[in-house]
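Okay, so here's the structure we're looking at.
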Amino acid sequence: DEHFGIATEVDRSEAYQSVDTISRAFLGLFALLAVASVGLLISMIRSDRLAEQARRAALELKRLGQYTLEEKLGEGGMGVVYRARHAMLHRPTAVQFLDTAKANEKAIARFEREVQLTSQLNHPNTIAIYDYGRTEEGVFYYAMELLDGINLQDLVDKYGPQPEGRVIRILTQICGSLAEAHTIGLIHRDVKPANILLNERGGLFDVVKLLDFGLVKMAEGEREGLVTRMGGVVGTPLYMSPEA
């Protein structure tokens, strides 16, 4: 308004101080971003390697001995059961292997004992054992016939009491399976509805398969001390008899 102005002289560093401060801040941010990017890249590479190792482990797991595992069917106290196929025969099979987290000496002894005793039985109403062994990694497994029926517990829970004729037919088959076991000195000790599976075989319905011989004992008590303890409780209490 007065048509005059004032000029002053300042040092360059003082004039650009704020700009330099902002520049250093941006450089610091870029440096942090670069470090973070490198760290993320390393993490991704490591993650990819771990994922690849996991995939390889999964592929190795899916190949158990001569059997290719296809689908997990269930998991119990002793281990995991998979639907599988034999590499050469291509026969549908159920493969159970011992959970390594539970693989103490007692569990291994009981697992092997179940297979060895059950493999002696060939009654049509007893589940058939095809094969058993150990992988190179020491995983104990056995292959048995694949069953796709309904167990007696689920049948009664879902449909209620069954007709007398059907019950008699089912019980007759169960007794046949147990009779064979008793003739060679084996006692099941865990006969219950959940261990009795009804299947369709060759066009015949209500074909019984008796499962879970893991609690079998020798009638004379042979080798019993190896895996069970005198006076110990075994089996399912609701279905136990005084002689069990």
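Can you find a residue in the stretch 180-190 that is farther than 13 Å from GLY149 by Cα, touching a His at 6+ places or on another chain (Cβ under 8 Å) and modelled with pLDDT of 90 or more? Step through it out loud before you land on a result.
Looking only at the stretch 180-190, we keep the residues that are farther than 13 Å from GLY149 by Cα, and these are 180-190.
From the residues that got through so far, the ones that are touching a His at 6+ places or on another chain (Cβ under 8 Å) too are 180-181.
Pick out the ones that are also modelled with pLDDT of 90 or more and you get 180.
There is at least one residue in the stretch 180-190 that is farther than 13 Å from GLY149 by Cα, touching a His at 6+ places or on another chain (Cβ under 8 Å) and modelled with pLDDT of 90 or more.
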Scan of the stretch 141-168 for residues that are under 30 Å from ASP131 (Cα atoms) and not hydrophobic (A, V, I, L, M, F, W, C), ordered by number: TYR141, TYR142, GLU145, ASP148, GLY149, ASN151, GLN153, ASP154
Hits in the stretch 81-100 - residues which are surrounded by fewer than 17 Cβ atoms within 10 Å (Cβ to Cβ) and either out of contact with any Leu (no Cβ under 8 Å at 6 or more places or on another chain) or at pLDDT below 75 (or both): ALA87, MET88, LEU89, HIS90, ARG91, ASP99, THR100
Residues of the stretch 193-213 that turn out to be within 25 Å of PHE111 (Cα to Cα), of a type in the set (A, V, I, L, M, F, W, C) and open to solvent by less than 40 Å² (accessible area, probe 1.4 Å), as a count: 7
Residue match in the stretch 199-217 (condition: of a type in the set (Lys, Arg), in contact with a Leu (Cβ under 9 Å, 6 or more places away or on another chain), in a loop (DSSP other than H, G, I, E, B) and modelled with pLDDT of 80 or more): no
GLN66 being at pLDDT below 85 and open to solvent by less than 100 Å² (accessible area, probe 1.4 Å): yes
Residue count for the stretch 122-167, restricted to those that are closer than 14 Å to PHE205 by Cα and either free of Cβ contacts under 8 Å to residues at least 24 places away in the same chain or acidic (Asp, Glu) (or both): 3
Subset of the stretch 130-183 that is of a type in the set (Lys, Arg) and part of a helix (DSSP H, G or I) - its residue that is surrounded by the fewest Cβ atoms within 10 Å (Cβ to Cβ): LYS158
Failed item, numbered, when LEU117 is tested on (1) open to solvent by 30 Å² or more (accessible area, probe 1.4 Å); (2) farther than 22 Å from ARG83 by Cβ; (3) among the aliphatic types (A, V, I, L, M); (4) under 25 Å from the mean Cα position of the chain (by Cα): (1)
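The values are calculated or read from the model by the stated rules, or taken from the named source; none is laboratory data. Model, not experiment: these values are computed from the prediction. Positions of Cβ are generated from backbone atoms using ideal geometry, with glycine treated the same way; all protein chains shown enter the neighbour counts. For accessibility, only protein heavy atoms count, side chains too; no ligands or nucleic acids. Shrake-Rupley method; radii C 1.70, N 1.55, O 1.52, S 1.80 Å.
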